[in-house]
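Worksheet: the structure to be examined is printed underneath.
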Ligand code: C6P
């Protein structure tokens, strides 16, 4: 039995085989306690009050920012902006950096496998600015070759935005190499780290990302807290995204000057309890260790893939190598709608995701309407995978097929 599992209330009684961590992770008691402790002992509006309790809240919030900066290897806390989630982080870049620096005729380069959160903000920007949205397409292994990237990244490219790990195929990308190409033509590299940050050590400095977005909830933090990392000189040159309280320096009836980064991008009362929960989740994650996370996920993915491929009438998408799935296994069962598959598994308390996974351009490219997806995290066990396999072998019979 996995030693960490007892920390997760939803998993502790083994009621569910939870195989949907790519959608959101479960939270350990350590994170729940950190959030409760904040509200019990330090609850006041941060960044405003001059009294002890408010200063405690401010300190807890700013300590969490410093914890995140160390976690992703940012140069300083000022480069860490708290947002709601990856979606808001990417919108912040598109609305602020994009509207200030993208002009008519410029190009924005993205991959066809992006999540809608890394497509729609750029579609909207391109339409508004009369810029062109250019797509990269993967080879048969699901990879975006450096030749394809070099061919499409040119002097008109202002922004190259890409997920470090796809939420459908899992395949990790050589972001450091892509960033070199982007920088060689003067473009900025925007990285969607929603599916990478929970599973692998991230260094924004080593990959040389200009912007890096991720969500707390996929790495066991509460929902509603996310991060945008940005290089300080870029953040300083950008106009605010949302405006209002706490993001200003001085306001008159007709004009305002703005606070320094990162507060310029954090209008209104902040999610301090969420930030504290995120810091606790990072502590927990680093205590588990990325070595353990990678080894456990690889072992379970290899087992799941091998056994799933033996089941008749199953198509598995993505790499043939279990090492390139980052815990994500996407598949279809012949003649069965993914929603029916997920409902049949639900009856056995096996939780998987079904649908287009907010990646419809990728579905169109793969010529499918929808798929099923099982996704693993370090707290999963072989027993979870066995429950999934037993249930999946039953699906076609349940739907009236002979075999
Ligand atoms: N993917 C999934 O089941 P938010 O919703 O803002 O926390 O994350 C958006 C997002 C952005 N990029 C990638 C690569 C993602 O996987 C996600 C979220 C979930 O695949 C929910 S759709």
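Things worth noting here:
Listed here are the residues, each with its yes/no results for (1) more than 30 Å from residue 31 (Cα to Cα); (2) touching a strand residue (DSSP E or B) at 6+ places or on another chain (Cβ under 9 Å); (3) within 11 Å of the ligand (Cβ to nearest atom); (4) in contact (Cβ under 8 Å) with a residue 12 or more places away in the chain.
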position: 137; (1), (2), (3), (4): yes, yes, no, yes
position: 140; (1), (2), (3), (4): yes, no, no, no
position: 169; (1), (2), (3), (4): no, yes, yes, yes
position: 177; (1), (2), (3), (4): yes, no, no, yes
position: 188; (1), (2), (3), (4): yes, yes, no, yes
position: 206; (1), (2), (3), (4): no, no, no, yes
position: 249; (1), (2), (3), (4): yes, yes, no, no
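- Residue in region 324-333 that is without any contact (Cβ under 8 Å) to a residue 24 or more places away in the chain and away from the ligand (no atom under 16 Å from the Cβ) present: no
- Of the residues making up region 208-241, those that are within 16 Å of the ligand (Cβ to nearest atom) and surrounded by fewer than 21 Cβ atoms within 10 Å (Cβ to Cβ) are 223, 224.
- Selection status of residue 170, modelled with pLDDT under 95 and at positive phi: no
- On the stretch given as region 117-135, residues that are within 13 Å of the ligand (Cβ to nearest atom) and surrounded by fewer than 17 Cβ atoms within 10 Å (Cβ to Cβ) total 1.
- Here is the figure for region 1-53: residues that are outside any loop (DSSP other than H, G, I, E, B), touching a strand residue (DSSP E or B) at 6+ places or on another chain (Cβ under 9 Å) and away from the ligand (no atom under 16 Å from the Cβ) total 3.
- Residue match in region 105-113 (condition: crowded, with 20+ Cβ neighbours inside 10 Å, in the same structural domain as residue 186 (by TED's automatic domain parsing) and in a helix (DSSP H, G or I)): no
- Test: residue in region 366-381 that is away from the ligand (no atom under 16 Å from the Cβ) and either in the same structural domain as residue 120 (by TED's automatic domain parsing) or part of a helix (DSSP H, G or I) (or both): no
- Lone qualifier among 194, 94, 161 - being surrounded by 23 or more Cβ atoms within 10 Å (Cβ to Cβ), within 16 Å of the ligand (Cβ to nearest atom) and part of a loop (DSSP other than H, G, I, E, B): 194
- Test: residue in region 354-372 that is within 19 Å of residue 296 (Cβ to Cβ) and either in contact with a strand residue (DSSP E or B) (Cβ under 7 Å, 6 or more places away or on another chain) or in contact (Cβ under 8 Å) with a residue 24 or more places away in the chain (or both): no
The values are calculated or read from the model by the stated rules, or taken from the named source; none is laboratory data. Being a predicted model, the structure only gives us computed values, none of them experimental. All Cβ positions, even for glycine, are placed from backbone atoms using ideal geometry, and neighbour counts span all protein chains on display.
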